[in-house]
1. Only one of Trp114, Trp104 is part of a strand (DSSP E or B) and not β-branched (Val, Ile, Thr); which?
2. Pick from region 34-52 the residues that are open to solvent by less than 10 Å² (accessible area, probe 1.4 Å) and hydrophobic (A, V, I, L, M, F, W, C): which of them is farthest from Gly117 (Cα to Cα)?
3. So, of the residues in region 2-28 that are outside any strand (DSSP E or B) and at positive phi, which turns out to be surrounded by the fewest Cβ atoms within 10 Å (Cβ to Cβ)?
4. Output yes when any residue across region 90-98 is open to solvent by less than 60 Å² (accessible area, probe 1.4 Å) and modelled with pLDDT under 95, and no when none is.
5. For Asp59, work out the one condition from (1) closer than 18 Å to Arg74 by Cα; (2) part of a strand (DSSP E or B) it doesn't fulfil.
6. Within region 53-75, is even one residue open to solvent by 20 Å² or more (accessible area, probe 1.4 Å) and touching a helix residue (DSSP H, G or I) at 6+ places or on another chain (Cβ under 7 Å)?
7. Please go through region 76-86 and pick out each residue that is more than 12 Å from the chain's Cα centre (by Cα), of a type outside the set (A, V, I, L, M, F, W, C) and surrounded by 14 or more Cβ atoms within 10 Å (Cβ to Cβ).
Amino acid sequence: QVQLEESGGGLVQAGGSLRLSCAAPGRTVNSPVMGWFRQAPGKEREFVTAISKTGALTDYTDSVKGRFTITISRDNAKAAVYLQMNSLKPEDTAVYYCAAGFYWSRDYGQYTYWGQGTQVTVSS
């Protein structure tokens, strides 16, 4: 079982930026797809963005296009995924989860490995 770990969440004012990181310490993540999901209080977990293992393919939900950027780095097959979030809005407030899967999908059910989540709070 691969456990992913997120970091980089926090409290930021509207218009500010945060950078989230995700890795699997001490483990090799061979999943061809890695993504970020988020869940706000009282809402379902929603897709934010995904990236292929080579970085050639990316996908973003409409509400974050032009503001968020997902990148991936691989060092000795140990992947790390980053989410640069700019121009943050209060509606971006949520717990952000990193996930790894074997299918190109926006469906969280298609992702196999998950992190514990990191809180992102954007104040107005």
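1. Result: Trp114 is the single residue among Trp114, Trp104 that is part of a strand (DSSP E or B) and not β-branched (Val, Ile, Thr).
2. Result: Ile51.
3. Gly26
4. Within region 90-98, not a single residue is open to solvent by less than 60 Å² (accessible area, probe 1.4 Å) and modelled with pLDDT under 95.
5. Status for Asp59: all satisfied but (1).
6. no
7. Filtering region 76-86 down to residues more than 12 Å from the chain's Cα centre (by Cα) leaves 76-79, 86.
Still in the running and of a type outside the set (A, V, I, L, M, F, W, C): 76, 78, 86.
Hits for region 76-86 are Lys78, Asn86.
Every residue, every condition in (1) in contact with a Gly (Cβ under 6 Å, 6 or more places away or on another chain); (2) under 22 Å from Val12 (Cβ atoms), yes or no:
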site: Ala56; (1), (2): no, no
site: Thr69; (1), (2): no, yes
site: Leu88; (1), (2): yes, yes
site: Val95; (1), (2): yes, yes
site: Gln116; (1), (2): no, yes
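The values are calculated or read from the model by the stated rules, or taken from the named source; none is laboratory data. Computed from a predicted structure; not experimentally measured. Note: ideal-geometry Cβ built from the backbone for every residue, glycine included; neighbour counts use all protein chains shown. Note: areas computed on protein heavy atoms with side chains; ligands, DNA, RNA excluded. Shrake-Rupley method; radii C 1.70, N 1.55, O 1.52, S 1.80 Å.
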